[in-house]
1. Output ³J(HN,Hα) for segment 50-55: one whole-Hz value per residue in order, computed from phi by the Karplus curve 6.51 cos²θ - 1.76 cosθ + 1.60 with θ = phi - 60°, and x for Gly and Pro.
2. Could you give me the ³J(HN,Hα) list for segment 22-38, computed from phi with Karplus coefficients 6.51, -1.76, 1.60 and θ = phi - 60°, whole Hz, x at Gly and Pro?
Amino acid sequence: MTTTISADGLLRIPELFRQTDSIEPGQRFDIERLGRGEYRVKAETPVVPEKESWLTILRECPDKDWWSPTDRSQMLIARDVTRLFADDTEDDS
């Protein structure tokens, strides 16, 4: 398959290849010069970060005992106030 270099010096990968290899915009590639007029273009392998549990992340937090439980009485008041304002907007006619 043949492609051309754009005026900006960009190499366009044909759509068939992009679809077949699931190439996304912004994906990085390595280009290697093999000789005069010969190049190898290879997709970089993405670095997949190791998944950590949220519990492990919280345990590694340098600030210990920063969290305190919410006062439930304040939450109940906030719900009642919202309910009061919601009733005012309704038209009884």
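Values in this text are rule-based calculations from the coordinates and carry no lab data. A quick note: this is a predicted structure, and the numbers were derived from the prediction, not measured.
1. So the Karplus estimates, Gly and Pro as x, are 5, 6, 10, 6, 5, 5 Hz.
2. So the J values, rounded to whole Hz, are 6, 7, 10, x, x, 5, 8, 9, 9, 10, 10, 8, 8, x, 4, x, 10.
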